Amino acid sequence: MLDQRNCNRTFLMHLRRTRLIFFKGAFVAPLLFLYLACSNDEVAVSQLAQSFHGAMIEQENVRITYSDSGLSKIRVVAGVLEDFSEEEELPRQVFRKGFRVSILASDGQESGFVKAEKALRRLKDQVWVLSGNVEVQQEGGNSLYTDAMEWDRMNQEFRSESKVRIIDKGEEVQGKGFTAKEDLSQYTIFAVSGHFEGDENYRE
């Protein structure tokens, strides 16, 4: 029989080096079989899992559709998803290597999109924290550009203390700090630094 301490150490070493990858709802978990070969103690397994603080699941080339009740349906595409949903203090999902969200209308067609280099989805309050070249485009041509912002899915709004540029029906407004409805139909910029009219072709 394998020594329990050696088995625990071997399991942790493999856990740190191995990524669990989801494939259409099924997952490959060779580490589970490794550990069960060493012990049937469920308490020990639970304690071991709690001692690991990295992402328990990592998926590449992500394509996920969220259809939360009462909220607009969205489709997420990203290069990498890291899942920390088992953490007690801050259960979250992290999207890296490119992040794009299609906001879908009732007929399933894209009515707008949100892009960023990285996104963190807080699972407790459904707030997405976006960073790096954040861009929002909505049906009708309204757009928003900023370095970082929060996307509150429950209240269907964007908010940030960062610099922002909003293009609304050909008029451009620049400033710092803002709140905006998800569809960009209404917005407030707290410190306006520039207002330019009639520049419909101006884009980043």
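For the stretch 56-196, the share of DSSP beta bridges that are antiparallel, to the nearest 5, is 100%.
Expressed in nm to one decimal, what extension gain is obtained for the pair N133 and K97 from 0.36 nm per residue of sequence separation less their Cα-Cα distance?
On the way: separation 36, 0.36 × 36 = 12.96 nm, distance 1.25 nm.
Full extension from N133 to K97 adds 11.7 nm.
Near K73, which lysines are there with a Cα under 21 Å away, not counting those fewer than 8 places off in the same chain? Those lysines meeting the cut-off are K24, K115, K118, K124, K181. Annotation for S193 and D107: the two label points, set 7 Å from Cα along the Cα-Cβ direction, are 4.1 nm apart. Taking amide H positions as modeled 1.01 Å from N, with prolines and chain starts lacking one, the residues under 5 Å from F99 and 5 or more places away or on another chain are A116.
Let me know the shape class of the stretch 104-198, please: from the alpha-carbon gyration tensor, a ≥ b ≥ c as square roots of the eigenvalues, rounded when a/c is under 1.5, otherwise prolate if a/b is greater than b/c, or oblate.
oblate
A short reminder: the numbers here are calculations on the coordinates, not readings from a lab. The structure presented is a predicted model; accordingly, all values stated were derived computationally and were not measured. Positions of Cβ are backbone-derived with ideal geometry, glycine not excepted, and every protein chain shown enters the neighbour counts.
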